[in-house]
Amino acid sequence: MRRILALLVAAALFVVGGAAAATASQDSTCPRTDFTEADGGWVKYDGLTGTSFTVPQKSGFTVDQICYKAATEVVPIGATGTVVSTVTNQNGNVQELSHVSVHYQKDAPPPPVEVPVTAPAYTAPTWDAPGSLVYSDTAQYVWQASGPESARLLTASPVGDVVLTGQTVFGPYNLEQLTGEQCEEPPAEVPVVPPVFTAPSCDAPGELVYADTAEYEWIESGDDSARVLTASPIGDVVLVGETVFGPYDLTQLTGDQCDEGDDETQKVPLCHATGSAENPYVFIEVSVAAFFNAGHIDHEGDIFDTFTFTKHGEEITVPAQGDLALLANGCKVEDEPELRTDFEYVLDCDYVLTGFEVTYRDDEEISREALEPRTITPEEADELGLSIPDDCEVLDEVIEFEYQLDCDYLLTGDKVTYVDGEEVEREALEPRTITPEEAEELGLSIPDDCDVAVFGPIVSVTEPVCLKDDEDSATVDVFLDNMDSTMAVWFAVWVDGEPVADVELEAGESDVLELVFEAGTYDVVVEAIGEGTDDSDTYAIFETVVVVDCDEDDGGVIVKPVITKPGVKPVIVAPVVTKPPALAYTGVDGTSSMLLLAAGLIGLGGLTLVGSRRRWVS
């Protein structure tokens, strides 16, 4: 009788506690939905199951706050991609999420794109056609034309959220076709080639060499002692540069100018500067007298070598002037010689690259500079078309890995390089944790002396009590055994889908649960879960059918085979069941039921929860 009273008190406490928890849950929730596309805000996701939730993302918004509720606790957290419940009950079990509220902060608009404007292409008008402007609209800007054809303006206007950089207004442009005097073609500009003057000597008068062209003709004026040449244009041309040359003295030398003992008649070779870009010099030979009389001594552009002559018994030396190499070349200006650079490489057995950078002018070497030695790879040598010498000794290089694995599957070791069988380099590997499967692929195993956690719980159901004439319930003992494990195990007991007990046993411990049944047939399920793990190898289910009644025929407790999660091999032994000799199954009429829960019954060893489903036998 005292047992029944205890059960009733516990049930009442359970009902009152549940109601109080429900009230707290309703008063404490995360923010409700107030999200708008314009401003963002909270979005509440209700009706969740499980202990984690992937936060939905919204384009144009950033998650900056999150709130979730699990059991009766409301937990605010920062931004994350996945919400994971950290709320646990008194037994340490993680509680499922009931809802999650996510705050979405509207993203700031991106900065405008800066776009440079491409200037229009302008063609000026002629007497044959008006001017033209070539331009085109783009995805970032469009053109707007304004102003008359004589002063056309083009303005680039941005399209959308872009910023135009640089010049955006171009013009004014004159597009009107030319007429009247504008159509007259401007006269051609023609440079004048100066005449070539040979000074007079004691043997011959002076000489002027010149020729008329299609663009101008020469007009002589003055006498032989002061001859002047003037270039006169032909047709609609404009002569540029010097057009009047002279005066030149063409009179042959006589008298004192030709006294014996003077060397003024010796020839002086020189390059005479013409002022023409195409033919800048002409080669001439003049007497010493003509050299002075014709003014070559004063022509800065003329080129001549040093020479010495005698005048009236006095020896006179004239210093050289200009580029004598050009004089030696007959005054012919050659094109600038082409320079090219080649590289001469040498590669040794250790792939050390040396060589020279060689510069040539017209295939003639003019400089050679040694390269800085450097070591290259075989691939770089291939790109340069180089190879090591044939007499090099090629070494056999082998790379091996030496691994060590500890009890926690932490992989360490070395990368070892051998050359011709001799170790030349050893490099420590970065430590990393691997899986048992990876260890197997590498042919590795943890050391034999490692402490390996063992999961081996046993559940047995024995000696059900037959109902007597004056009893309406019977007791069935459920034995929970964790003697063979090296880890703590959590046992959860279910009867007909309802939880009736949670028991945690440390390694080497055992306990007994006493379940009280009235007559009937019940599905009893015991879950065994390795403490602090979520691996399927530390999880198992014991499932048993219990029949409680009395009859002279054989009957008792029927035990089904052990089942585990699909695809997972069982790692525990089957329950051991002792059948009483006189138990039989009878039909049950379920007209009413009552679940009684109590805790801490004396004499049952540890925490024991007793569940009873009362059904009346018709």
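The values are calculated or read from the model by the stated rules, or taken from the named source; none is laboratory data. None of the values given here were measured: they were computed from a predicted structure. Reconstructed Cβ throughout: ideal geometry from the backbone, glycine too, with neighbour counts over all protein chains shown. Only protein heavy atoms, including side chains, enter the accessible area calculation; ligands, DNA and RNA are left aside. Shrake-Rupley method; radii C 1.70, N 1.55, O 1.52, S 1.80 Å.
Only one of the listed residues (SER157, SER150) is surrounded by 11 or more Cβ atoms within 10 Å (Cβ to Cβ), among the hydroxyl-bearing types (Ser, Thr, Tyr), at pLDDT 90 or above and out of contact with any Gly (no Cβ under 8 Å at 6 or more places or on another chain). That residue is SER157. Checking the structure you have, find out if any residue of segment 192-209 is touching a Pro at 6+ places or on another chain (Cβ under 6 Å), closer than 20 Å to GLN252 by Cβ and in contact (Cβ under 8 Å) with a residue 60 or more places away in the chain. So far as segment 192-209 goes, yes, one or more of its residues are touching a Pro at 6+ places or on another chain (Cβ under 6 Å), closer than 20 Å to GLN252 by Cβ and in contact (Cβ under 8 Å) with a residue 60 or more places away in the chain. Looking at ARG374, ARG361, just one residue is open to solvent by 50 Å² or more (accessible area, probe 1.4 Å) and modelled with pLDDT under 90, and that residue is ARG361.
Give me the residue from segment 278-337 that is in a strand (DSSP E or B) and of a type in the set (Phe, Trp, Tyr) and, out of that set, nearest to SER201 (Cα to Cα). Even if it seems obvious, please write down each step before you answer.
Within segment 278-337, the first condition is being in a strand (DSSP E or B), and the residues that meet it are 281-287, 303-304, 307-311, 314-318, 321.
Checking the rest, the ones that are also of a type in the set (Phe, Trp, Tyr) come to 281, 283, 304, 307, 309.
Values: TYR281: 23, PHE283: 18, PHE304: 19, PHE307: 18, PHE309: 15 Å.
The qualifying residue nearest to SER201 (Cα to Cα) is PHE309.
Looking across segment 406-427 at every residue that is touching a Pro at 6+ places or on another chain (Cβ under 8 Å) and in a strand (DSSP E or B), the one that is most open to solvent (accessible area, probe 1.4 Å) is identified as LEU410.
Within segment 95-123, the set of residues being modelled with pLDDT under 90 and of a type in the set (Gly, Ala, Ser) comprises ALA108 only. Just one of (1) over 30 Å from GLY275 (Cβ atoms); (2) open to solvent by 70 Å² or more (accessible area, probe 1.4 Å); (3) out of contact with any Gly (no Cβ under 8 Å at 6 or more places or on another chain) fails for GLU189. It is (1).
Pairs linking a residue in segment 58-73 that is in a strand (DSSP E or B) to a residue that is among the hydroxyl-bearing types (Ser, Thr, Tyr) and surrounded by 15 or more Cβ atoms within 10 Å (Cβ to Cβ), with Cβ atoms under 6 Å and 6 or more positions apart or on different chains, are PHE61/TYR104; CYS67/SER101; LYS69/SER98; ALA70/SER85. Listed conditions (1) without any contact (Cβ under 8 Å) to a residue 24 or more places away in the chain; (2) part of a strand (DSSP E or B); (3) open to solvent by 40 Å² or more (accessible area, probe 1.4 Å); (4) small (Gly, Ala, Ser) are all met by SER98, apart from (1). Per this entry, VAL346 is counted among residues that are aliphatic (A, V, I, L, M), open to solvent by 70 Å² or more (accessible area, probe 1.4 Å) and more than 37 Å from the chain's Cα centre (by Cα).
Within segment 70-94, if we keep just the residues that are open to solvent by 50 Å² or more (accessible area, probe 1.4 Å) and touching an Asp or Glu at 6+ places or on another chain (Cβ under 6 Å), the residue that is modelled with the highest pLDDT turns out to be ALA79.
Here VAL117 passes the criteria (1) within 34 Å of the chain's Cα centre (by Cα); (2) under 30 Å from ASP39 (Cα atoms) except the one numbered (2).
Looking across segment 36-53 at every residue that is open to solvent by 40 Å² or more (accessible area, probe 1.4 Å), assigned to a loop (DSSP other than H, G, I, E, B) and in contact with a strand residue (DSSP E or B) (Cβ under 7 Å, 6 or more places away or on another chain), the one that is nearest to LYS106 (Cα to Cα) is identified as ASP39. When the residues of segment 428-453 are filtered to those that are among the hydrophobic types (A, V, I, L, M, F, W, C) and assigned to a loop (DSSP other than H, G, I, E, B), which remaining residue is modelled with the lowest pLDDT? Only one residue tops the list, namely VAL452. Of the residues making up segment 514-543, those that are modelled with pLDDT under 80, closer than 18 Å to TRP490 by Cα, in contact with a strand residue (DSSP E or B) (Cβ under 7 Å, 6 or more places away or on another chain) and open to solvent by less than 60 Å² (accessible area, probe 1.4 Å) are THR538, TYR539, ALA540, ILE541, PHE542, GLU543.
Evaluate segment 454-464: report whether one residue or more is out of contact with any strand residue (DSSP E or B) (no Cβ under 7 Å at 6 or more places or on another chain), under 30 Å from GLU514 (Cα atoms), open to solvent by 50 Å² or more (accessible area, probe 1.4 Å) and part of a loop (DSSP other than H, G, I, E, B).
Yes, there is a match, as at least one residue in segment 454-464 is out of contact with any strand residue (DSSP E or B) (no Cβ under 7 Å at 6 or more places or on another chain), under 30 Å from GLU514 (Cα atoms), open to solvent by 50 Å² or more (accessible area, probe 1.4 Å) and part of a loop (DSSP other than H, G, I, E, B).
Taken over segment 465-492, the criterion of being in a loop (DSSP other than H, G, I, E, B), at pLDDT 80 or above and hydrophobic (A, V, I, L, M, F, W, C) is satisfied by MET483, MET487, ALA488. The lone criterion from (1) in contact with a Phe, Trp or Tyr (Cβ under 6 Å, 6 or more places away or on another chain); (2) closer than 30 Å to VAL489 by Cβ left unmet by ALA156 is number (2). Taken over segment 354-379, the criterion of being closer than 29 Å to VAL416 by Cβ and either touching a residue at least 24 places away in the same chain (Cβ under 8 Å) or touching a helix residue (DSSP H, G or I) at 6+ places or on another chain (Cβ under 8 Å) (or both) is satisfied by THR375, ILE376, THR377, PRO378.
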